[in-house]
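What follows is one structure encoded as structure tokens, with my remarks underneath.
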């Protein structure tokens, strides 16, 4: 995948995730912020921040959540960025990370 194709796919994935997070933010009490190509999710109780950002040189989307770093690659068959070790999609990884923090099932 060339650089422009990666940027297009990453932008599409992060914009889609931002729209889903914006809809869910009132129910689960967090604030999504999409700025300069990076998506942040901030929580007041408990205090936490997740960051999702594209890393163009390595063609990955990186997620920082729960003091961990996740590096997702594009998967053509799933048409999504996925965690290579588990096959978990970006949306699923973020929903699961929010669930761990808020202590209840989260639907994005």
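Only the coordinates and a few stated rules stand behind these numbers; no lab work does. Just so it is clear, the structure is predicted and the values come from calculations on it, not from any experiment.
Where does the stretch 59-101 land on the Kirkwood hydrodynamic radius, alpha-carbon pairs, in angstrom?
One decimal place: 10.5 Å for the Kirkwood radius.
Rounded to the nearest Å, what's the spacing between the alpha carbon centres of the stretch 54-75 and the stretch 1-27? Just the number, please.
13
What is the angle, in °, between the Cα long axis of helix 90-102 and the longest principal axis of the Cα atoms in the chain? Nearest 10 is fine, range 0 to 90.
20
Let me have the 222 nm mean residue ellipticity of the chain computed from DSSP H runs of 4+ only, each contributing -39500 (n - 2.57), with the sum over all residues rounded to the nearest 500. Mind showing how you got there, number by number?
Numbers: 2 runs with 39 residues, N = 108.
About -12500 deg cm²/dmol.
Return one number: the angle in degrees, 0 to 90 and rounded to the nearest 10, between the long axis of the Cα atoms of helix 3-28 and the longest principal axis of the Cα atoms of the chain.
With rounding to tens, the tilt is 10 degrees.
If the convex hull of the alpha-carbon atoms of the stretch 3-102 is projected onto planes in all directions, what is the mean projected area in square nanometres?
Reported value for the Cα convex hull: 6.1 nm².
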